Amino acid sequence: MATLADLPDSVILEIFSYLSVRDRIRLSRVCRRWRRLVDDRWLWRHVDLAVYKMRPKIMWHLLRRYMASRLQSLRLGGYLSSGSQAPQLSPALMRALGQKCPNLKCLCLHGADLSMVPIASLPCTLRTLELHSCEIPMTWLLKGQDPTVLPLLECIVLDRVPAFRDEHLQGLTCFRALRSLVLGGTYRVTETGLDASLQELSYLQRLEVLGCALSTDSTLLSISRHLRDVQKIRLTVTGLSVSGLSVLEGMPALESLCLQVPHMTPEMPSPAEIISSCLTMPKLRVLELQGLEWDGQEVERILCQGLPHCLVIIRACPNESIDWWL
């Protein structure tokens, strides 16, 4: 009968990859073989520390002993809700990540107080930056900042970042590599600010605006005017009208359209009107509707018949402002 010791290294590594960081380190004390496997660089490409209230000393130890050049993505969190004894993110730690982790491409921060962390201290290798329920200083993301800051940044997610406003949105135009922007619950962003910013962010290929206090029709109009090369759109729509949806007609590059509808209104387009608009989008391949109070199976059948070239998805709205795609 085969035992765990008989399994090849590749299988054991796959099993270890599903374990928390704490459990991995504990397993390294079992035997020499497991210590060697826990030290394998493949196992430390993607590290999730968002569930821990971790002392700075331990974080530095993990950085030096396990992560270093192996690390490609990192999640950290819990720093705002853990009380005065909580570990704090420091500029020194951010700089160390940049120096010791040259392959770090994705940094995801949950509940972090960044008020004392300059944006210039973030690793310059980042391609994706996610901020969830974070506090940022007013000096972050402003227009005219150093162009060498985050020169490779392709995607930024701003989810429930209360300080984020029009000035910060306009500052995103400094990131010339930016192609994907997700705004979730950024209630200080106005329709005027969004329109002015999208005019300069015309190179975006993906835009998600979820749970924000913006007019749906106004948002769609700004997208149609400025983002002619956008490939994916995801919006929370309140008060969407036929005329609002019609502004997307003929979008030449749009491949995926997701509309989250938390509240139905009389102005909401009918399935036939949705089909009519979507048929004018030559590259549309995915249509997703969330939260509609129609008969889901019947609507899905109608849409599938009317849009045979599309994958049609009908489902309930997610509980959170952002239904994660990362």
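Data overview
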read-out: I136, sole failed condition from (1) crowded, with 21+ Cβ neighbours inside 10 Å; (2) closer than 19 Å to M59 by Cα; value: (2)
read-out: Residue in segment 99-111 that is more than 18 Å from R45 (Cα to Cα) and either assigned to a loop (DSSP other than H, G, I, E, B) or small (G, A, S) (or both) present; value: yes
read-out: Filtered residues of segment 112-122 (kept if modelled with pLDDT under 90 and crowded, with 19+ Cβ neighbours inside 10 Å); value: A112, L114, V117
read-out: Qualifying residue in segment 232-243 (condition: on the phi > 0 side of the Ramachandran plot and surrounded by fewer than 21 Cβ atoms within 10 Å (Cβ to Cβ)); value: yes
read-out: Residue count, segment 112-122 (criterion: assigned to a helix (DSSP H, G or I) and touching a helix residue (DSSP H, G or I) at 6+ places or on another chain (Cβ under 6 Å)); value: 1
read-out: Any hit, segment 146-161, residues being basic (K, R), farther than 24 Å from D113 by Cα and crowded, with 16+ Cβ neighbours inside 10 Å; value: no
read-out: Any pair with Cβ under 7 angstrom, 6 or more apart, that starts in segment 253-282 at a residue that is under 15 Å from L240 (Cβ atoms) and in contact (Cβ under 8 Å) with a residue 12 or more places away in the chain and ends at one that is part of a loop (DSSP other than H, G, I, E, B) and among the hydroxyl-bearing types (S, T, Y); value: P262/T238; H263/T238; E267/S241
read-out: In segment 1-21, the residues that are part of a helix (DSSP H, G or I) and at pLDDT 85 or above; value: D9, S10, V11, I12, L13, E14, I15, F16, V21
read-out: Qualifying residues in segment 53-97 (those that are within 15 Å of D113 (Cα to Cα), in contact with a Pro (Cβ under 8 Å, 6 or more places away or on another chain) and among the polar types (S, T, N, Q)) - the one modelled with the lowest pLDDT; value: Q88
read-out: Residue in segment 194-202 that is touching a residue at least 12 places away in the same chain (Cβ under 8 Å) and either among the β-branched types (V, I, T) or at positive phi (or both) present; value: no
read-out: Count of segment 162-182 residues which are among the aliphatic types (A, V, I, L, M), out of contact with any Asp or Glu (no Cβ under 8 Å at 6 or more places or on another chain) and over 13 Å from L129 (Cα atoms); value: 1
read-out: Those residues of segment 1-27 which are without any contact (Cβ under 8 Å) to a residue 12 or more places away in the chain and under 18 Å from L49 (Cα atoms), in sequence order; value: Y18, L19, D23, R26, L27
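Yes or no, residue by residue, for (1) modelled with pLDDT of 90 or more; (2) touching a helix residue (DSSP H, G or I) at 6+ places or on another chain (Cβ under 8 Å):
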site: C124; (1), (2): yes, yes
site: T128; (1), (2): yes, no
site: G144; (1), (2): no, yes
site: P147; (1), (2): no, yes
site: P151; (1), (2): yes, no
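The values are calculated or read from the model by the stated rules, or taken from the named source; none is laboratory data. Treat the numbers as computed from the prediction; the structure is a model and nothing was measured. Positions of Cβ are generated from backbone atoms using ideal geometry, with glycine treated the same way; all protein chains shown enter the neighbour counts.
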